[in-house]
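Throughout, read-outs are computed from the coordinates displayed, never taken from laboratory work. None of the values given here were measured: they were computed from a predicted structure. Note that we place each Cβ from the backbone using ideal geometry, even for glycine, and neighbour counts take in every protein chain shown.
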Amino acid sequence: MVDCPEADRQPLQAVLDDGFGLESCDGEYALRFHVLNQIDFKVFDPCDQSPAARTGLYIPRTRIYFEGQLTEPYEYEVSLQRSLEGQFDLLDANFNIRLCEERLQVTVGRFLVPYSYAWYDHLEQYFLVPERALFPLNLGLSRATGGMVSGTLGDGVLQYAVAGIDGRLTGLADNGTTADGVAYVNCRPFLHSQLFPVLRHLNVGGSLAIGEFTAPAELLPARTSVQSSENDESAVAASAIFLEWNEDAAGLGDRLQGALHLAWYCGPWTFESEWQASRAGLTPNGTDIVEVTAHGFHAGLGCMLTGETVEGRTTVEPLRPIDPRGGFSGMGAIELLARYSELNISDAVFDEGLSDRDSWANKAYTTDCGLNWYWNRFLKWTFTWQHAGYGSPVLVNETKDLFSRKNDLFWFRGQVYF
């Protein structure tokens with residue numbers, strides 16, 4: 001045991017905000033602890049799909065977050081996630097140096113990549129719809145290892161981030177198959193305007209990713225309703241699949257991705273939209289490189305029916321939280337939701353032997369509608385119907401040789417986050 005000089009010892013105080021924490025009385029040192037736990041009950045139609053899209057209970061996310069600071073300019077974050085296979089994997093591990101308050105920060109380690117509004121603006125616990133739309137779910141950049149410079153200017157009007165990363169497209173593993181330069185910008189031009197208060201929380205911006213597959217990279221199946229960091233073979237039963245790649249197909253060569261977004265929050269209303277496009281080198285045999293393009297779009301709309309106002313996707317504080325100790329007084333906060341999403345991949349995936357045209361589709365769309373029910377700031381229930389349609393019939397049961405051009409999902413999620 002190491003003896004510390006009395007002058008170096010400081011009393012700690014416990015704090016409770018969105019999580020539990022300990023911090024020094026002068027606020028210079030802190031450790032905060034958060035937990036996110038989600039459980040899904042999914043009912044699929046057709047009901048006899050196999051091996052994908054099987055009705056049942058799933059745990060999409062169990063996450064443990066540790067974060068804090070070692071004096072005010074130096075911040076750290078370590079988080080773990082339980083995978084569908086039951087193991088805990090590293091999600092984030094980074095430290096952040098605040099060189100100039102909020103205006104200039106440097107982050108090094110493993111972090112959320114600053115590409116696309118759907119990925120970078122808010123975390124999964126605050127989503128309007130349970131999971132991301134088709135393009136970011138299947139072609140997003142997820143998390144990776146590298147360095148990032150970021151900050152906000154104009155007292156929050158302009159947010160920017162530039163990063164160099166080494167990781168993979170989606171999925172939890174960080175296997176170093178890509179090298180990318182990524183840039184993100186978001187502007188809230190009327191944030192401090194007194195003339196247009198209704199546009200105060202209007203967000204416009206875009207992002208760009210330039211990189212390459214430095215070695216043949218596994219291509220993950222295209223799915224409709226699973227979290228991106230679990231989009232691998234362990235997630236096969238939790239979602240419908242509309243595009244499966246041939247065994248020897250892989251990513252190889254240059255890649256370019258871009259996105260433009262528009263989001264608006266006003267009173268009880270949430271509106272979020274983004275257009276995305278990509279061009280990537282793929283190989284059907286490990287040597288020849290084929291250029292494949294893709295584009296997609298999504299737009300979501302939410303409305304609080306119980307009087308709460310939103311300024312962004314963050315913690316919801318119900319005006320009348322549900323408290324079982326008071327005879328379940330209050331009704332919580334109720335939010336209606338709807339979203340349309342589509343993804344279109346070029347015919348080169350079939351023409352160049354990357355996938356089987358007779359079994360899979362390269363075009364898909366989903367329509368989600370339902371509601372979020374917030375009992376208090378920590379507990380959230382989501383009830384959603386998702387209808388998915390495909391550009392051509394998709395193999396949904398290998399044993400029965402069953403094909404379908406649509407898939408319906410009745411989706412119930414419970415979430416605790418503190």
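For this structure, a couple of remarks:
- Only one of (i) 275; (ii) 164; (iii) 177 was calculated from the structure for volume of the Cα convex hull per residue in Å³, and its label is (ii).
- The charge dipole of the chain, taken about the Cα centre with unit charges on the Cβ atoms of Lys, Arg (+1) and Asp, Glu (-1), comes to about 1220 debye, rounded to the nearest 20.
- Over 27 Å [Cα-Cα, the range 1-129], rounded percent: 38
- Within straight-line reach of residue 363, meaning a Cα separation under 17 Å, sit the following lysines at least 8 residues removed in sequence or on another chain: 406.
- Relative contact order %, the range 178-226, counting alpha carbon pairs below 8 Å whose residues are six or more apart: 43
- Taking the square roots of five times each eigenvalue of the Cα gyration tensor of the range 103-216, the equivalent ellipsoid has semi-axes of 28, 17, 11 Å, listed largest first.
- Averaging 1/r over each pair of different alpha-carbon atoms in the range 258-387 and inverting the result gives 17.7 Å, the Kirkwood hydrodynamic radius.
- When the chain is treated as a GNM with alpha-carbon contacts under 10 Å, the residue of 159, 13, 38 showing the greatest mean-square fluctuation is 13.
- The order of 380, 406, 400, going from fewest to most other C-beta atoms within 10 Å of their C-beta, is 400, 406, 380.
- Here the label points at residue 62 and residue 101, each 7 Å from Cα along the C-beta direction, are separated by 4.2 nm in the simple model.
- Normalised by the number of residues in the range 10-417, the mean separation of alpha-carbon contacts (under 8 Å, six or more apart) gives a relative contact order of 14 percent.
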